[in-house]
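In what follows, a single structure is set out as structure tokens and then discussed.
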Amino acid sequence: MDQAARQHPRLTQFSLRHARGKDILASMTPAGRTVAGPPADVGMALEDVDTPALIIELEAFEHNLARMADDVRRSGLSLRPHGKAHKCAEIARLQVAHGAVGVCSQKGSEAQAFVNAGIANVLVTNEIVAPHKLDRLAALARQAVVGLCVDDASVVPLLSTAAGRAGITLDVLVEIDVGAARCGQLPGEPAVRLAELVARAPHLRLKGLQAYQGRAQHVRSFDDRRAAIARATELVRDTVEKFRARGLPCEVVAGGGTGTYTLEATSGVYTELQPGSYIFMDAAYAQNLDESGKRATGYRHSLFVYSQVMSVPGRGLAIVDAGLKSFSFDEGMPWVADRPEVLYTRPSDEHGLLDDTKASSRLRLGEKLKLIPGHCDPTVNLYDWVVGVRNGRVECLWPIIARGATT
């Protein structure tokens with residue numbers, strides 16, 4: 001065993017090999033694209049990591065991983081974390097090792113990346129309608145347990161045909177709209193009629209309901225979030241009762257997210273929870289308030305974009321090398337970790353403008369900063385690698401295998 005492996009025993013053989021840049025990852029990416037080498041080497045000091053880079057502080061990440069696993073275990077429900085948050089096989093494996101039944105994906109190509117990496121149970125929590133995409137999912141079901149959602153009767157025969165061609169049975173959840181105003185059949189009788197079609201179709205296995213209230217996840221007030229989930233739960237309960245009255249199976253009632261999972265867990269209706277961002281905790285989720293009216297602190301920030309100050313022109317400005325191509329800004333500006341008095345005020349393609357006029361000391365040219373993304377999921381999708389750091393040293397390098405998996 002070489003020196004790096006002795007110093008970093010948590011490293012997998014995969015991480016160590018790719019940390020040295022000897023291989024490329026084209027064979028593991030859905031589109032077969034060539035991936036650039038990682039921005040760091042194992043054992044490197046954090047301050048030597050090239051920027052901009054996506055980094056995980058491993059102690060905070062492990063805390064979040066264990067906290068969610070413990071919470072869901074105590075609830076008696078199943079945990080199926082959303083893989084779209086991280087798109088990373090190493091993280092999915094850790095989630096399964098902590099008791100998750102599998103992972104969610106949002107696209108077929110994302111599911112393919114996870115199955116090819118050895119994840120044995122994947123639910124596509126989205127509607128897939130193109131016949132060639134359905135064929136791809138059906139083929140994946142020869143390697144793993146694969147499920148998906150439907151909200152339209154016209155898709156059911158297409159699903160059945162694809163599954164029949166592949167010689168497999170696909171698990172199906174009927175998705176209902178419980179307030180997100182996005183995908184989903186109407187709850188109650190319309191959902192029951194759709195479920196009856198699925199139950200009669202050959203090569204399909206009706207498992208139950210998908211009922212995710214996405215719009216409630218970032219409602220800041222705890223009371224307002226609780227009210228939103230209470231309304232959703234009543235719609236779900238009514239639909240489940242109608243399923244049972246018709247003799248339809250409803251083994252799985254799935255939903256919940258990082259902002260609301262404790263509410264779905266105590267609803268008495270849901271059986272499976274699907275949070276994703278909890279492992280990272282971005283700036284948007286950090287603004288949610290708990291029952292006492294304070295910012296919720298049960299989960300820690302673990303994901304950062306590591307950046308460098310590349311210009312200090314004065315006027316209270318400092319410019320970092322992380323802009324629009326390094327973050328998603330749909331949930332607002334990044335936060336500067338450990339320097340709350342410094343504000344990220346405006347991005348352009350390759351620039352991030354910081355206001356340090358209220359800082360006790362001005363930012364210096366070449367200084368490196370950890371920036372907390374406003375929205376972790378689309379930020380992760382901008383990177384090929386995540387750099388795992390512990391005690392100021394690079395411990396592991398994990399490829400984002402489903403980056404760009406949008407089909």
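Points worth noting:
- Test: residue in the range 353-371 that is closer than 30 Å to Ala117 by Cα and under 20 Å from the mean Cα position of the chain (by Cα): yes
- Set Gly188, Gly164, Gly208, Gly184: member being in contact with a Pro (Cβ under 8 Å, 6 or more places away or on another chain), on the phi > 0 side of the Ramachandran plot and at pLDDT 95 or above: Gly208
- The residue that is nearest to the chain's Cα centre (by Cα), among those in the range 252-285 that are of a type in the set (S, T, N, Q) and over 19 Å from Leu123 (Cα atoms), is Thr260.
- Residue in the range 190-209 that is in a loop (DSSP other than H, G, I, E, B) and either among the charged types (D, E, K, R) or touching a residue at least 60 places away in the same chain (Cβ under 8 Å) (or both) present: no
- Residues satisfying the stated conditions in the range 91-147, i.e. in contact with a Leu (Cβ under 9 Å, 6 or more places away or on another chain) and among the hydroxyl-bearing types (Ser, Thr, Tyr): Ser105, Thr125
- Search result, residues across the range 51-90 that are among the acidic types (Asp, Glu) and in contact with a Phe, Trp or Tyr (Cβ under 8 Å, 6 or more places away or on another chain): Glu57, Asp71, Glu90
- When the range 218-246 is filtered for residues that are of a type in the set (S, T, N, Q) and either part of a helix (DSSP H, G or I) or touching a Pro at 6+ places or on another chain (Cβ under 9 Å) (or both), the ones remaining, listed by number, are Thr233, Thr239.
- Against the test of being closer than 30 Å to Val172 by Cβ and surrounded by 24 or more Cβ atoms within 10 Å (Cβ to Cβ), the options Ser302, Ser267, Ser277 yield a single qualifying residue, Ser277.
- Once the range 67-105 is narrowed to residues that are at positive phi and in contact (Cβ under 8 Å) with a residue 12 or more places away in the chain, the residue that is surrounded by the fewest Cβ atoms within 10 Å (Cβ to Cβ) is Gly99.
- Contact map, the range 115-133: first residue outside the structural domain of Leu158 (by TED's automatic domain parsing), second residue assigned to a strand (DSSP E or B) and surrounded by fewer than 21 Cβ atoms within 10 Å (Cβ to Cβ), Cβ cut-off under 6 Å, separation 6 or more or different chains; the map is empty.
The values are calculated or read from the model by the stated rules, or taken from the named source; none is laboratory data. Owing to the predicted nature of the structure, the values given are computational and were not obtained by experimental measurement. So basically every Cβ, Gly included, is an ideal-geometry build from the backbone, and we count neighbours across all protein chains shown.
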